[in-house]
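Encoded as structure tokens, the structure appears first; notes follow it.
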Amino acid sequence: MSQALYRHLADTRPGVVVDVVAPPATAPLLQRMPEVRRAIELPVAHGELALGLRRRLGATLRWDSYEQAIVLPNSFKSALLPWFARIPRRTGWRGEMRYGLLNDLRVLDPGNYPRMVQRFLALGLPAGAPLPAQSPRPALLSDSACARRLAAARGIDPGAPLLALCPGAAFGGAKRWPADYFADLARQYLDRGWHVALFGSPAEAGLCAGIAADAGDPAALHSLAGETDLLEALDLLSLASAVVSNDSGLMHMAAALDRPLLAIYGPTSPVFTPPLAAAVSLLEPDIDCAPCHARECPLGHHRCMRDTAPATVAAGLDALLSAAKSVARSVARDAR
């Protein structure tokens, strides 16, 4: 979602150079954002102060003569680096103990900016300026040659439609649609002649292997969790005819690739961080205790996810694909 800000800066500030500080786990994605000149890795664990490391990195950044730093996280720690780098204008929302570290300090009214992407965009504007009527969407670039090579190496048929399933969620088990439901959905599309690929991190390899086994593990089902790095996963995801995902990082990657996407929500809500793309369908639970934003179901029943049946997801995905085809036909007619 931060890419929306980078795209806005590139569109509105001719000649701007954008460098981005990011953790090593996600920094590779910046290579696929043409608005970004370079990624600056900050190898610090979540919540770690690492004061000396931040000071040393800040000292090296002084040589780049940056004019402005836009600090997207609201933590005290995130505001240290631009202060150590002596960047003259340091913009961010008022957060924990940031007075002095930031000198372009904004006060957030959540009612004006209910979405995270709006809060990011607002920091790229003068204080109080209205948001653009049309906010830029994230748009990651994929490497088509790499995607074809990876698909061939894993036996993915380029002539068959490909369903990408993303059954993991680093946040916690509460955000995960049941594994047996994913297996059921996989079988439905395998029976239609589709190929199915399971995406996930190395920590989710066991989850994906279990789904593959439950689905019968046919040749047209490919468990890729832990077998690709982040950019390889991105390239393979770009081949998907459709994506079904929990509320996760892979969901946002699929949206930024403009793949038809069905996202399943349970303990979280799409109000704050929805997938930002055109062909998206969101399934939300109709249950009083959701969204609870808990990592694990505090009531033990996990109904917010279990009540969303595989048949419901399949019907929603079919409707999404039908709508996407109608839009494609309309665009083709207009082009003629």
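The values are calculated or read from the model by the stated rules, or taken from the named source; none is laboratory data. A quick note: this is a predicted structure, and the numbers were derived from the prediction, not measured. Don't worry about glycine lacking a Cβ; one is built from the backbone with ideal geometry, like all the others, and counts go over all protein chains shown.
Exactly one of (1) in contact (Cβ under 8 Å) with a residue 60 or more places away in the chain; (2) surrounded by fewer than 22 Cβ atoms within 10 Å (Cβ to Cβ) is unmet by ILE264. Its number? ILE264 satisfies every listed condition except (2). Only one entry in ALA85, ALA69 is among the small types (Gly, Ala, Ser) and touching a Gly at 6+ places or on another chain (Cβ under 6 Å), namely ALA85. Among the strands (runs of 3 or more DSSP E) confined to region 1-78, the ones with at least 3 residues that are farther than 24 Å from GLN118 by Cβ are located at 38-41.
The residue of region 90-107 that is modelled with the highest pLDDT, among those that are in a loop (DSSP other than H, G, I, E, B) and within 19 Å of VAL44 (Cβ to Cβ), is LEU101. Taking region 268-299 as the range and being under 27 Å from ALA319 (Cα atoms), surrounded by 17 or more Cβ atoms within 10 Å (Cβ to Cβ) and in contact (Cβ under 8 Å) with a residue 24 or more places away in the chain as the test, the residues that pass are THR268, PRO274, PRO275, LEU276, ALA277, ALA279, VAL280, SER281, LEU283, ALA290, PRO291. Counting residues in region 13-28 that are free of Cβ contacts under 8 Å to residues at least 24 places away in the same chain, in contact with a strand residue (DSSP E or B) (Cβ under 9 Å, 6 or more places away or on another chain) and crowded, with 20+ Cβ neighbours inside 10 Å gives one or more.
Modelled with pLDDT of 95 or more, closer than 26 Å to ALA256 by Cα and under 20 Å from the mean Cα position of the chain (by Cα) - does that describe any residue in region 72-79? Yes, region 72-79 has at least one match.
Condition first: under 21 Å from LEU282 (Cα atoms), in contact with a strand residue (DSSP E or B) (Cβ under 8 Å, 6 or more places away or on another chain), of a type in the set (Ser, Thr, Tyr) and crowded, with 23+ Cβ neighbours inside 10 Å. Can you find one or more residues in region 181-201 that meet it? Yes, region 181-201 contains a residue that is under 21 Å from LEU282 (Cα atoms), in contact with a strand residue (DSSP E or B) (Cβ under 8 Å, 6 or more places away or on another chain), of a type in the set (Ser, Thr, Tyr) and crowded, with 23+ Cβ neighbours inside 10 Å. It is to be established whether one or more residues within region 138-154 are in contact with a Phe, Trp or Tyr (Cβ under 8 Å, 6 or more places away or on another chain) and either touching a residue at least 60 places away in the same chain (Cβ under 8 Å) or on the phi > 0 side of the Ramachandran plot (or both). No, that holds for no residue. Residue check: ILE87 meets all listed conditions (1) assigned to a helix (DSSP H, G or I); (2) touching a Phe, Trp or Tyr at 6+ places or on another chain (Cβ under 8 Å); (3) buried (at least 16 other Cβ atoms within 10 Å of the Cβ) but one, namely (1).
Residue-wise test of (1) of a type outside the set (S, T, N, Q); (2) assigned to a helix (DSSP H, G or I).
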| site | (1), (2) |
| --- | --- |
| VAL117 | yes, yes |
| LEU140 | yes, no |
| ILE156 | yes, no |
| ALA174 | yes, yes |
| TRP177 | yes, no |
| LEU185 | yes, yes |
| GLN188 | no, yes |
